[in-house]
Amino acid sequence: MIQNKQHSLLNRAKQASNMLKEHIDNNDVIRLVSHNDADGISAAAVLANALKEENAQFHITIIPRLKEDVINKLRSDDSSLFIFTDMGSAYVKELNTFKNDVIIADHHQVDDTESESHLVHINPHIFGIDGSKELSGAGSSYLIARGLDKKHLAYFALIGAFGDMQGQNGFIGMNKMIVEDAKESGVLEIHEGLKIVSKSTQPLFKSLAYTFSPPLPGISGDFEGSQEFLEKIGLSYGIKFTDLEGEEADVLKDELIKVNPDIFDNCYTVPKEIPLLRDLEEYAYILDACGKNKKFGLGLGIALGEREKVLDVAVKLQQEYRDQIVKGLEWAKREGATQLNTIQYLYSEDKVLKSVMGTIASIGLSVDILDNSKPVLGLSRLHKDIKISGRTTRDMVDKGVDLGKALKDCSNNFTGQGGGHDIAAGAMIPLESKDAFLKLVDEMVEHQLTNN
Ligand SMILES: [Mn+2]
């Protein structure tokens, strides 16, 4: 059932669809600007695919974040329509000053700046819908395409939602409506299955070790642990999942459910896709790997239908990225975190570890390599600064921990900067304040826990 606030959001999107249609009919050049992660790439893809089908002219730019200098450069571009996807809501004031038409399709926080008549602002938060859980940037962008009868592109919105961790425990709200669109179009199938990755491309022990969501303690990120698990249940670890006999697959399913029941759940697949991209969560992981390696064009190429060589390169990047995570988790397991009273931390100057520190911190907590009763800070040295990635669990947040606030306040104390969400946050501080900073965060988290 579609609620009132969803209706209002869809009406807003319809205004954008009409604006877009006018520019397509005029044969105008349309400029898409999107964010560089899996969601942002999916957002660009849903619109680019729609424009391609309409033989429209367009130009895509993928950037890490929207900043004033980017906006100022775009202002002098003579495209007659700009579409900002998975970004833009924080810049309504600046984009109001554009002389040409603008559409923003975002899902990040909004302020109360009113839009001028040449700007259509789509964002679930405007209508009281939680954009962190119910709609991704790709979802907001899909709502524009939806108004042009493009329900067969709805699955890109779901790839974006997976990229932003919105679908892992089932889709709700607007995302659920988009699932219905995708099913109705005949493109999407949903079936229960094992949510392990790379079923047709990797030997089983790697499939299991590379599965981080849902976490498989003792197996995720642990090649040896994964091999031992398979030996114990009498399965060959070198075989691919798709080559298992029916009976063997059943044994695997039963045993994995004992490790984590969430491993058997809904799989969202697009049967017309090649095996590698058939599962939408896997599709999101591939785009994520492209984004993390700054190969945005590669991710976009795949989402626009390029295959073979382009896909080979992307899979290789993904493989390297996964191996870095496994290496990082092995390191964290071997070294262990340094314990303070209420927090723990990891510290590294290694180039590879630095790039995956946040991921190691969050997976480390979920697969029990790190003590999940304490928030973890992953510290990486960058020349004369230290970059900090903080992660904790939902449980600790319920007990009062707010890492975003702790990292913001503590880093400000040392002329650094920080912030983020209660469960995941980051900061940057000068190298020499490392110990004092850690001590202060420890005290502040203790304070948060006792004053809850
Ligand atoms: Mn997003």
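What follows draws every value from the coordinates through simple rules; no lab data is involved. Keep in mind that this is a model prediction, so the values were computed, not measured. Because the Cβ atoms are built from the backbone with ideal geometry, glycine has one as well, and the counts that use them run over all protein chains shown.
If I model a spin label at Asp368 and Thr415 as a point 7 Å from the Cα along the Cα→Cβ vector, what separation in nanometres do I get?
4.6 nm
Please list, in order along region 382-389, the HN-Hα scalar couplings obtained from phi with the Karplus expression 6.51 cos²θ - 1.76 cosθ + 1.60 (θ = phi - 60°), rounded to whole Hz, x for Gly and Pro.
Running phi through 6.51 cos²θ - 1.76 cosθ + 1.60 with θ = phi - 60° gives 10, 6, 9, 10, 10, 9, 10, 10 Hz.
Given H placed on each backbone N at 1.01 Å, which residues far from Ile83 in sequence or on other chains put an amide H within less than 5 Å of it?
Arg31, Leu32, Val33, Ile103
Based on alpha-carbon centroids, what's the gap between region 284-319 and region 181-204 in Å, whole number please?
Region 284-319 and region 181-204 have Cα centres separated by 19 Å.
With each label point set 7 Å from Cα along the Cα-Cβ vector, what nm distance links Ile274 and Glu306?
Between Ile274 and Glu306, the label points sit 1.3 nm apart.
Restricting attention to region 388-443, which trypsin sites (Lys or Arg not before Pro) occupy a DSSP loop and are surrounded by at most 13 other Cβ atoms within 10 Å?
Lys399
I want to check a number: in region 4-187, how many lysine pairs have alpha carbons closer than 20 Å, given a sequence separation of 8 or more or different chains?
Value for region 4-187: 22.
Given points 7 Å out from each Cα along the Cα-Cβ axis, report the Thr61 to Thr242 separation in nanometres with one decimal.
About 4.0 nm, to one decimal.
Trypsin sites (Lys or Arg not before Pro), restricted to region 241-346: which are DSSP loop and have at most 15 other Cβ atoms within 10 Å?
Qualifying residues, ordered by number: Lys272, Lys294, Arg307.
Rounded, prolate or oblate, given the Cα gyration tensor of region 198-269, with a/c below 1.5 counting as rounded?
Rounded shape, in that the Cα axes give a/c under 1.5.
Trypsin sites (Lys or Arg not before Pro), restricted to region 61-109: which are DSSP loop and have at most 14 other Cβ atoms within 10 Å?
Hits after loop and neighbour filter: Arg65, Lys67, Lys99.
Give the shape of the chain as rounded, prolate or oblate, defined through the alpha-carbon gyration tensor: a ≥ b ≥ c are the square roots of its eigenvalues, a/c under 1.5 means rounded, and otherwise the shape is prolate if a/b is larger than b/c and oblate if not.
oblate
For the pair Ser355 and His108, what calculated FRET efficiency results from E = 1/(1 + (r/R0)^6), where r is the Cβ-Cβ distance and R0 = 25 Å, to the nearest 0.05?
Details: r = 24 Å, r/R0 = 0.96.
That gives a FRET efficiency of 0.55.
Where a Cα-Cα gap under 20 Å defines reach, which aspartates and glutamates qualify for Lys316, not counting those fewer than 8 residues away within the same chain?
Result set, ordered by chain and number: Asp37, Asp222, Glu273, Asp279, Glu281, Glu282, Asp288, Glu306, Glu308.
Can you show me the helix-derived [θ] at 222 nm for the chain, built from DSSP H runs with n ≥ 4 at -39,500 (n - 2.57) apiece and divided by the number of residues, rounded to the nearest 500.
-14000 deg cm²/dmol
Starting at the first residue of region 154-163, write each ³J(HN,Hα) from the Karplus equation 6.51 cos²θ - 1.76 cosθ + 1.60 with θ = phi - 60°, in whole Hz, x for Gly and Pro.
Couplings: 4, 5, 5, 5, 6, 4, x, 5, 4, x Hz.
Once phi is turned into θ = phi - 60°, what whole-Hz ³J(HN,Hα) does the Karplus curve with 6.51, -1.76 and 1.60 give for every residue of region 237-247, x standing for Gly and Pro?
These are the phi-based 3J(HN,Hα) values: 7, x, 7, 7, 4, 5, 9, 5, 6, x, 5 Hz.
Can you list the lysines whose alpha carbon sits under 20 Å from that of Lys387, skipping same-chain ones fewer than 8 residues off?
Lys292, Lys294, Lys327, Lys351, Lys354, Lys374, Lys405, Lys408, Lys434, Lys439
Can you give the longest stretch of the chain with no exposed loop site, where a site means GluC sites (Glu not before Pro) in a DSSP loop (not H, G, I, E or B) with at most 11 other C-beta atoms within 10 Å? It would help to have the intermediate numbers written out before the result.
On the way: sites that count: Glu114, Glu245, Glu308, Glu349.
Of all site-free stretches, the longest is 115-244.
Using amide H atoms built in the peptide plane, which far-off residues or other-chain residues are under 5 Å from Gln57 H to H?
HN-HN under 5 Å from Gln57: Ile30.
At 0.36 nm per residue, and after removing the present C-alpha to C-alpha distance, how many nm does the segment from Lys183 to His118 gain when stretched out fully?
Result: 20.0 nm gained on full extension.
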